[in-house]
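The values are calculated or read from the model by the stated rules, or taken from the named source; none is laboratory data. The shown structure was predicted, so the numbers you read here are calculated from the model rather than taken from an experiment. Ideal geometry is used to build each Cβ from the backbone, glycine not excepted, and the neighbour counts take in all protein chains shown. Side chains included, ligands, DNA and RNA excluded: accessible areas come from the protein's heavy atoms. Shrake-Rupley method; radii C 1.70, N 1.55, O 1.52, S 1.80 Å.
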There are 2 protein chains.
Amino acid sequence: MIIATARSHGVRTYAAHNGILGVLREDLVDTGKESAATLRDLAHTPGGAFGSCRYKLKTPEADPAAYARLIEVLAAHDVRWFLYNGGNDSADTAMKIAAYARRAGRDLVCVGVPKTVDNDLAVTDCSPGFGSVAKYVAVAVRETSLDVASMAESSTKVFVLEVMGRHAGWIAAAAGLAAQQADDAPHLILFPERAFDEAAFLARVKATVERVGWCTVVASEGVRDAAGRFLAESGSRDAFGHAQLGGVAPVLAALVREKLGLKVHWALPDYLQRSARHIASATDAAHAAAVGRAAVELALAGHGGMMPVIARSSDAPYRWKIASAPLDKIANHEKKLPPSFISRDGYAITAAARRYLEPLIRGEAYPPYGKDGLPRYARPRLLRVPRKLPDWNGA
Amino acid sequence: MIIATARSHGVRTYAAHNGILGVLREDLVDTGKESAATLRDLAHTPGGAFGSCRYKLKTPEADPAAYARLIEVLAAHDVRWFLYNGGNDSADTAMKIAAYARRAGRDLVCVGVPKTVDNDLAVTDCSPGFGSVAKYVAVAVRETSLDVASMAESSTKVFVLEVMGRHAGWIAAAAGLAAQQADDAPHLILFPERAFDEAAFLARVKATVERVGWCTVVASEGVRDAAGRFLAESGSRDAFGHAQLGGVAPVLAALVREKLGLKVHWALPDYLQRSARHIASATDAAHAAAVGRAAVELALAGHGGMMPVIARSSDAPYRWKIASAPLDKIANHEKKLPPSFISRDGYAITAAARRYLEPLIRGEAYPPYGKDGLPRYARPRLLRVPRKLPDWNGA
């Protein structure tokens, strides 16, 4: 949407390959070489077509060479508007570059664009990406629970689904949307915001199996014990004796099997949940398009150091619009699940959480499918802008 | 479809609750109490609405009381047609009851109905359920690979997806459909039909990461080493020192991390894959409806001991029709992936496999969604048929 909007304003767009690394390395993709059809397809293609990175930009004081290089590369290619897309770390990167450019008196407008499945960006009501992963986990709970319910009499009685969200329980909370009435799955949600209590957990699973016949548990990957240790790291050892890679679900499954003697299955969908464009929320897709468009408009209007945000004016009917906020109110302010969204017993979501979450998963935004039965995702050409500068070995 | 077809013929249908256990226990659901809307919704609802079981019926010689009870319950409720739905074990159950009823001179027509995501039923070209799980895994590979590709430069380089199929590699093979051109994911498929060779596997992963930048591995849960041991049981230990519950993916991930030093993620979707009605294949949905209808017609025509099967007459254009086969040609004949479907190097599917698999995932058959953004799955009333017999404690 950013590229198409810029194009509609007659502005050329280069995409930095692999985020800020692409700027540092002068590795820029000329989006002008992509067809209009490819740009359209990008709107329903998961992943980051131009690559992304895990790279924490230091302060200008700690790494002046990096900032000098960024400015040099952007100037060499006459880049006047710099848009940076992502979660908290990316907002931090955009904020630092905006501040540096301003202090250095450069003619560069830096705008952040919100996008993270973690939903932990401050100020914005929600983050594009979250609504779709929320829909994915709610659908997964509803579907798998029908499967478990049908087998429970003589087979699996407990199912544990591990979802993303290492620091905040937004995705785990969304699983709660699957329940429509009493004793619907999920029967327990384990939030990273609540310390894990083994005895209480086991008692609750046991009581649920006795009452309902089976039990679905949703666990955030970030669940910790009272001492603050991640459960995922507390349990199993791999073939080499090292702590197992990730996996709170197998730890919980082992507990249920050993302590309660119940047959248990577990699932860990990992990247499947966050790349599941096939089950995207239409609300989320609309948010993503709107912040992209707004980011270009903010940039062209010269509003540097800002980020477009989603502002909700009503839950029911759901009403929202785009507003904007300074990056320094957003970067490095991790938004946790509010306590009012977690039930008193710590294992479910409240009505307030449901009012917040439900509009975000509404509507289906299916990608087009080919005759081969698979989604038609974009294959951009990724042609590079000719380089003008010598190599740089700083990143 | 079975219930609706029987209803259209003026025949009442009772559903045994939890499969054959429901007959033994005289626990029968009166489907006549379900609305036409519920029956329509059942066609797009995952899981077994009337419950299922894991229960291996012995031979009449080994357990004469069970057979006497089955006949007694069916006679008490004037059941004249007995349809039994499932995979190999269910076909075996249907076959045994058909043979027993025939020998006992009972007026009972027993027909099997094919349904298993494992696709390992003999005679039928494919089994209803498989096409949808095949579509799920192919879509999952395509989507997650876009995610991995975008991060690979500075984060995860290897992704391992574990799929179902303990004895036959049909589901793993379906993942191969995600690849359209050279070096597309999946880069390696590990089939249960091929012994795992650790050195060759690691060399292949390493070469793929060097050439492509990243690597997606799809592993069947049933992968074994040359000595026939399941990899899933060879590796990790849980917190209690017991072999970890399932999970070939974490074992492979640990290998990649330890031996190659590459950042790796893994996913184990477990029941998510087989209950994912939201991404069902339209071809599969058509197969399921057709075998249901045909089973009722076989039964009403008095063709006991049979199963309707899917007969393919052409790959391209894809053409199929319903035929039928005796249950004793199907029960206990596990259909493995043919050697001609696995590439010479053992890590990919062949063109022949693609010709077979691709039509099965074609078309989308979305369930209807509610305003809450979730699929509208049936909630049958499950009202029981009044019991006529005393309790039975044999099962």
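Using 16 Å as the cut-off for backbone N distance, which residues of the stretch A:350-383 belong to the label zone defined by a point 7 Å from the Cα of A:LYS33 along Cα→Cβ?
A:379-383
Rank B:ASN88, B:ASN119, B:ASN18 by mean-square fluctuation in a GNM of chain B with C-alpha springs under 10 angstrom and give only the top-ranked residue.
The residue that fluctuates most here is B:ASN18.
Given an 8 Å cut-off on Cα distances and at least 6 residues of separation, report the relative contact order of the stretch A:293-352 as a percent. Mind showing how you got there, number by number?
Numbers: 53 pairs, mean separation 12.6, N = 60.
Relative contact order here is 21 percent.
Could you list log10 I(q)/I(0) for the stretch A:13-165 at q = 0.14, 0.20, 0.21 Å⁻¹, which the Debye formula gives when each Cα is one point scatterer?
Those come out to -0.80, -1.29, -1.37, one per q.
Quick one: if the Förster radius is 56 Å, what FRET efficiency do A:ALA68 and A:GLN181 give, using the C-beta to C-beta distance and rounding to 0.05?
0.35
Pairs of alpha-carbon atoms within less than 8 angstrom and 6+ residues apart define the contacts here; what relative contact order does the stretch A:6-46 have, in percent? Each step should come with its number before you reach the end.
On the way: 29 pairs, mean separation 12.4, N = 41.
Averaging sequence separation for qualifying contacts and normalising by length gives 30 percent for the stretch A:6-46.
Classify the stretch B:289-333: rounded, prolate or oblate, from the alpha-carbon gyration tensor (a ≥ b ≥ c, eigenvalue square roots; a/c under 1.5 rounded; otherwise prolate if a/b is larger than b/c)?
Because a/c hits 1.5 or more and a/b fails to exceed b/c, the stretch B:289-333 counts as oblate.
Report the dimensions of the stretch B:274-395 along its three principal axes from the alpha-carbon atoms, largest first, rounded to Å.
So the three principal-axis extents are 60, 47, 31 Å.
Please report, for A:ALA122, the nm distances (one decimal) from its label point, 7 Å out from Cα along the beta-carbon direction, to the equivalent points in the remaining copies, shortest first.
6.8
How many nm is it between the label spots at A:ARG102 and B:LYS259, if each spot is 7 Å from the Cα in line with the beta carbon?
5.4
For the full complex of protein chains and a 1.4 angstrom probe, list B:PHE341, B:PHE159 by accessible area with the highest value first.
Values: B:PHE341 25, B:PHE159 0 Å².
Per-residue accessible area, sorted high to low, gives B:PHE341, B:PHE159.
Specify which residue in the list A:PRO308, A:ALA286, A:TYR318 is farthest towards the positive end of the charge dipole of the stretch A:284-340, using unit charges on the beta carbon of Lys, Arg (+1) and Asp, Glu (-1), about the Cα centre.
Among A:PRO308, A:ALA286, A:TYR318, the one farthest towards the positive end of the dipole of the stretch A:284-340 is A:TYR318.
Between A:ASP78 and A:ALA316, what FRET efficiency follows from the Cβ-Cβ distance if R0 is 41 Å, with the result rounded to 0.05?
Working: r = 48 Å, r/R0 = 1.17.
After rounding, the FRET efficiency stands at 0.30.
Can you tell me the mean projection area, over all orientations, of the convex hull of the stretch B:57-107's alpha carbons? Units nm², please.
Numbers: hull surface 13.4 nm².
Reported value for the Cα convex hull: 3.4 nm².
If you wrap the stretch B:1-102's Cα atoms in a convex hull and average its projection over all directions, what's the area in nm²?
Working: hull surface 26.4 nm².
It is 6.6 nm².
Springs between alpha-carbon atoms under 10 Å, Gaussian network over chain B: tell me which of B:GLY302, B:GLY47, B:GLY261 tops the mean-square fluctuations.
B:GLY261
Could you state the angle between the C-alpha long axis of helix A:130-151 and the longest principal axis of the C-alpha atoms of chain A, as a value from 0 to 90 degrees rounded to the nearest 10?
Computed tilt is about 20 degrees.
With unit charges on the beta carbon (Lys/Arg positive, Asp/Glu negative), name the residue among B:LEU190, B:VAL133, B:PRO114 whose Cα is farthest towards the positive pole of the charge dipole of the stretch B:88-206.
It is B:PRO114.
If one takes the longest principal axis of the Cα atoms in chain A, at what angle in degrees, from 0 to 90 and to the nearest 10, does the Cα axis of helix A:88-103 lie?
Tilt relative to chain A: about 20 degrees.
One quarter of the convex hull surface, Cα atoms only: what value does that give for the stretch A:201-351 in nm²? Don't skip to the end; give the middle numbers.
Values: hull surface 55.5 nm².
Seen from a random direction, the Cα hull of the stretch A:201-351 projects 13.9 nm² on average.
Nearest-5 percent of antiparallel DSSP beta bridges in the protein assembly as shown? Walk me through the intermediate numbers first.
Values: 36 of 78 bridges.
For the protein assembly as shown, the DSSP antiparallel bridge percentage is about 45.
With +1 on each Lys and Arg Cβ and -1 on each Asp and Glu Cβ, how big is the dipole of the stretch A:38-167 about its Cα centre, in debye rounded to the nearest 20? Don't skip to the end; give the middle numbers.
Numbers: 15 positive and 15 negative charges, 77 e Å.
So the dipole magnitude of the stretch A:38-167 works out to roughly 380 debye.
Give me the angle, in degrees from 0 to 90, between the Cα long axis of helix A:282-300 and the longest principal axis of the Cα atoms of chain A, rounded to the nearest 10.
Tilt of helix A:282-300: around 20 degrees.
Counting only the heavy atoms of the protein chains, how much of A:ARG293 is accessible to a 1.4 Å probe, in Å² to the nearest 10?
We get 100 Å² for A:ARG293.
List, shortest first and in nm to one decimal, how far the label point of A:ARG54 (7 Å from Cα along Cα→Cβ) is from its counterparts in the other copies.
Relative to the other copies, A:ARG54 has label-point distances of 3.6 nm.
For the charge dipole of chain B, defined by +1 on Lys and Arg C-beta atoms and -1 on Asp and Glu C-beta atoms about the Cα centroid, which residue among B:ALA331, B:ASN393, B:SER150 has the Cα displaced farthest towards the positive pole?
B:ASN393
Among the aspartates and glutamates, which have Cα under 17 Å from the Cα of A:LYS371 when same-chain residues fewer than 8 positions away are ignored?
The reachable aspartates and glutamates, counting only those whose Cα sits under 17 Å from A:LYS371, are A:ASP41, B:ASP284, B:ASP315, B:GLU358, B:GLU364.
Note the distances from A:LYS371 to each other copy's matching label point, with points 7 Å along the Cα-to-beta-carbon direction, in nm, sorted shortest first.
4.1
Normalise the Cα radius of gyration of chain A by 2.2 N^0.38 Å (N = residues in it) and let me know the number.
On the way: Rg = 22.9 Å, N = 395, 2.2 N^0.38 = 21.3 Å.
This ratio for chain A stands at 1.07.
Show that you can apply the helix-only estimate: for chain B, add -39,500 (n - 2.57) for every DSSP H stretch of four or more residues, divide by all residues, and state [θ] at 222 nm to the nearest 500.
Values: 13 runs with 133 residues, N = 395.
After summing the helix terms and dividing by the residues of chain B, the value is -10000 deg cm²/dmol.
Simple spin-label model, 7 Å along Cα-to-Cβ: B:VAL11 to A:SER155 in nm?
That separation, rounded to one decimal, is 2.6 nm.
Semi-axes of the protein assembly as shown's equivalent ellipsoid from the Cα gyration tensor, sqrt of 5 times each eigenvalue, largest first, rounded to whole Å? Before the final figure, lay out the partial values.
On the way: eigenvalues 487, 153, 128 Å².
Equivalent-ellipsoid dimensions as semi-axes: 49, 28, 25 Å.
Can you give the alpha-carbon Rg of the stretch B:110-263 over 2.2 N^0.38 Å, where N counts its residues?
Working: Rg = 16.3 Å, N = 154, 2.2 N^0.38 = 14.9 Å.
Against the compact-globule rule of thumb, the ratio is 1.10.
Rounded to the nearest 0.05, what FRET efficiency is calculated for B:ASN332 and A:ASP197 with R0 set to 41 Å and r the Cβ-Cβ distance? Please report the intermediate quantities before stating the final value.
On the way: r = 48 Å, r/R0 = 1.16.
E(calc), rounded to 0.05, equals 0.30.
Mind telling me which of B:VAL133, B:VAL209, B:VAL158 comes out most flexible in a GNM of chain B, alpha-carbon contacts under 10 Å?
B:VAL209
What is the magnitude of the charge dipole of chain A about its Cα centre, with +1 placed on the Cβ of each Lys and Arg, -1 on the Cβ of each Asp and Glu, and no other charges, expressed in debye to the nearest 20? Before the final figure, lay out the partial values.
On the way: 49 positive and 41 negative charges, 166 e Å.
That gives a dipole near 800 debye.
To check you understand DSSP bridge types, tell me what percent of the beta bridges within chain B (both residues inside) are antiparallel, rounded to 5. Provide the component values of the computation, followed by the final result.
Working: 17 of 38 bridges.
For chain B, the DSSP antiparallel bridge percentage is about 45.
Mean separation of Cα pairs under 8 Å and 6+ residues apart, divided by the residue count of chain A: what relative contact order is that in percent? Kindly include the intermediate steps, with their values, before the conclusion.
Details: 783 pairs, mean separation 93.6, N = 395.
With pairs under 8 Å counted, the relative contact order is 24 percent.
Taking the Cα centre of the protein assembly as shown as origin, work out the dipole magnitude from +1 charges on Lys and Arg Cβ and -1 charges on Asp and Glu Cβ, in debye rounded to 20.
1140
Using the Cβ atoms and a cut-off under 14 Å, what net charge is assigned to the surroundings of B:ALA68, where Lys and Arg are +1 and Asp and Glu are -1?
Working: positive: B:LYS58, B:ARG69, B:LYS96, B:ARG103, B:ARG106; negative: B:GLU26, B:GLU61, B:ASP63, B:GLU72.
That works out to +1.
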